[in-house]
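**Q** A single structure is presented below for examination.
What follows is calculated from the coordinates using simple rules that are stated; it is not laboratory data. Please read these numbers as outputs of a predicted model, since none were measured by experiment.
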């Protein structure tokens, strides 16, 4: 295909290789051309100027060459192909539920847990163009940052605006999960998924994580849980009289409750100990929850040989007309 043009009989295009041979033969012939009859006493016409017919014969050769090239293209039968796609999707509704408590500023991830989680979530969103995705954040309480939407540009902008300290500090895992379930429970998607990411232990909120998991199970919502944090200790931000400082503190993640939430809802628990592991976790979830996409492609061909054929006809007609008028007496 050349510039959207296909050829029904592309083999004829090899004939275009004859055009350079025609030009080379014509040039050779002109260099060897000599008068067939020499007459004495015509030296006074040696410096006579060349008439327009001398140059016109070269133009006629160019006309015939172009016409031959166009006729070869016509034989190849150029066609324009338009393609159409019918895309049928059975999308998945996903609510990202993100812990934004103060501990998410720990520096065991680069630049910290929260920014690393936001960056990986952004890549995850960009890879799922057919799904509705929403965003819930929680710490001491929870709220919906973005409802389910297919406008992923808006979603990503709202995700980037998230900062620790937006709401009261703490870790209300149950409240975050319950808010996410409330956002997705009425969805008519073939699959309803919540991805819950946290780095701590539930210590706030009026709804226990187990209760929220039961609610999710009731509405057939699958929950994937992610525990974020290295093994051992990590540099946590601590407010001191000298300002914010980082001190190594034990990493405490309630893996038991996260595993329980995932298993009771048909999901899976993951532990991410660094940026690469977090990226792998989202990649695995992406594989587990693939949208079904049915793509049907149609094509329509439009013949494009008419124009080159008409141009070739006009050039041939011009050549015939000139040869039977201006050059009629020449051999």
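**Q** Over the range 92-290, calculate the relative contact order: mean separation of alpha carbon pairs under 8 Å at least 6 apart, over the residue count, as a percent.
**A** Result for the range 92-290 is 23 percent.
**Q** Rg and Dmax of the range 79-194 over Cα atoms: what are they, in angstrom?
**A** For the range 79-194, the Cα radius of gyration and maximum Cα-Cα distance read 16.7, 66 Å.
**Q** Please compute the length gained on full extension between residue 149 and residue 276, using 0.36 nm multiplied by the number of residues separating them and subtracting their Cα-Cα distance.
**A** 42.9 nm
**Q** Same structure, new question: Using only the alpha carbon atoms of the range 207-276, find the Kirkwood hydrodynamic radius as the inverse mean reciprocal pair distance, in angstroms to one decimal.
**A** Taking the inverse mean of 1/r over all distinct Cα pairs, the range 207-276 comes out at 13.9 Å.
**Q** Same structure, new question: Which of rounded, prolate, oblate describes the range 92-290, given a ≥ b ≥ c as roots of the alpha-carbon gyration tensor eigenvalues and a/c under 1.5 marking rounded, otherwise prolate only if a/b is larger than b/c?
**A** prolate
**Q** Taking a ≥ b ≥ c as the square roots of the eigenvalues of the Cα gyration tensor of the range 163-264, is the shape rounded (a/c under 1.5), prolate (a/b larger than b/c) or oblate?
**A** prolate
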